[in-house]
Amino acid sequence: MAAIGRYGILAVILAAFSTFLLQNKHYDSKLEGVPSGKTRVLDLSYAINDKLVPWPGDEKFFEAKVNASVEKNGYFTRSFWMLEHYGTHLDAPAHFPPGKTTVDQIPVKQLFGPAVVIDVRAESDKDADYQLGTARVEDWEKRHGRIPEGAIVLLRTGWATRWPDARKYRNQDAQGKMHFPGFSLEAAKLLMERKVSGLGCDTLSIDHGASTDFAVHHLALGAGLYHLENLADMSEMPETSAFLIVAPIKLEGGSGGPVRVFALLP
Ligand SMILES: [Zn+2]
């Protein structure tokens with residue numbers, strides 16, 4: 001009996017170890033498959049130019065100047081100026097109180113994680129003021145399992161199809177109030193209980209457009225999460241099993257900044 005027990009334990013340990021190896025192999029091969037094209041990578045960032053949709057009221061947002069040209073100087077360089085929160089960008093915790101971490105201080109491990117995509121295109125089509133509720137998060141978990149710690153949760157509203165048409169993307173009413181979907185405070189609380197690393201969306205803001213208190217910004221950034229805003233078309237993203245690499249500019253003291261977001265597809 002004792003011997004069987006011991007072998008039983010050994011078998012369990014061996015099984016756990018091989019699962020561990022297989023999982024690592026799975027992740028290794030996903031990364032190793034990038035150069036050969038075996039792993040598809042989606043770039044969820046927009047190219048930066050002066051024709052993107054700025055936040056209402058921002059008058060100057062991007063400028064690029066040629067400093068040296070091949071014709072004149074034999075080489076080509078430019079200088080550029082831009083807002084920290086323009087185009088596809090990351091909000092660092094320091095963007096809203098009580099957050100403190102600036103963009104350069106975000107721990108690197110927080111910038112890598114499994115992508116959880118919550119599809120609310122149908123709801124957003126019907127209601128531009130739609131806010132993701134906890135029921136939809138729980139529904140995702142019923143189908144795919146509990147949201148893993150360190151996940152990056154992306155809200156797919158379909159708003160990217162309106163980009164870069166400022167009128168359609170901001171969707172302002174006669175009073176200038178914007179109307180686009182976002183996370184609700186309750187959903188953000190639930191996701192924070194899951195210990196996710198960040199929240200992202202394909203709109204101008206994590207908070208819905210009509211928000212005046214930016215409640216999700218205060219709560220989530222205050223808890224050390226970051227936000228990804230104006231993410232590009234996510235229509236090819238699976239709801240689960242893609243892996244995200246989030247690479248923001250390492251701007252010392254920055255409240256945020258332009259970010260390159262890569263999704264490694266399964
Ligand atoms: Zn934001």
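We did not get these values from a lab; they are worked out from the coordinates using the rules stated. In this text the structure is predicted, and so the values were computed from the model without any measurement. We place every Cβ from the backbone using ideal geometry, glycine too, and count neighbours over all the protein chains shown.
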Problem - Kirkwood Rh (inverse of mean 1/r, distinct Cα pairs), segment 43-141, angstrom - result: 17.9 Å
Exercise for the section: For the chain, find the longest principal axis of its Cα atoms and tell me its angle to the long axis of helix 2-36, 0 to 90°, nearest 10. Expected result: 30 degrees
Practice task
Specify which residue in the list GLY57, HIS95, SER36 is farthest towards the positive end of the charge dipole of the chain, using unit charges on the beta carbon of Lys, Arg (+1) and Asp, Glu (-1), about the Cα centre.
Solution key: SER36
Completion exercise
Rh_Kirkwood(the chain) over Cα pairs, Å, one decimal, evaluates to 20.1 Å
Completion exercise
Amide H proximity to GLN172 below 5 Å, modelled H, separation 5+ or other chain, gives HIS179
Problem - Rounded Å value of the spacing that divides the Cα centres of segment 141-163 and segment 197-235 - result: 12 Å
Exercise for the section: Just name one of PHE183, LEU199, LEU219: the one whose Cα is farthest towards the positive end of the charge dipole of the chain (beta-carbon charges, Lys/Arg +1, Asp/Glu -1). Expected result: LEU199
Handout entry: Equivalent ellipsoid dimensions for segment 102-233 as semi-axes, Å, which come from the Cα gyration tensor, largest first
Key = 24, 17, 14
Problem - Of MET234, PHE112, VAL66, farthest towards positive along the dipole that unit charges on Lys, Arg, Asp, Glu beta carbons give the chain - result: PHE112
Problem - the chain, helix-only ellipticity at 222 nm - DSSP H runs n ≥ 4, -39,500 (n - 2.57), divided by all residues, nearest 500 - result: -8000 deg cm²/dmol
Problem - Environment charge of LEU111, counting only residues whose C-beta is closer than 14 Å and scoring Lys/Arg +1, Asp/Glu -1 - result: +1
Fill in the blank from the handout: Toy charge model, Lys and Arg Cβ at +1, Asp and Glu Cβ at -1: the chain dipole around Cα centroid in debye, rounded to 20, equals 720 debye
Handout entry: Mean Cβ count within 10 Å, highest first, over the residues of peptides 219-225, 134-140, 99-105
Key = 219-225, 99-105, 134-140
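For segment 162-219, calculate the relative contact order in percent as a whole number, restricting contacts to Cα pairs under 8 Å that are 6 or more residues apart. Please list the in-between numbers first.
Working: 57 pairs, mean separation 20.7, N = 58.
About 36 percent, as a whole number.
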Fill in the blank from the handout: Between GLY150 and residues 5 or more places away or on another chain, the pairs with built amide H atoms under 5 Å apart involve VAL196, SER197
Practice task
Tell me which residues come under 5 Å, amide H to amide H, from ALA242 once H is placed; ignore anything under 5 positions away on its chain.
Solution key: ALA115
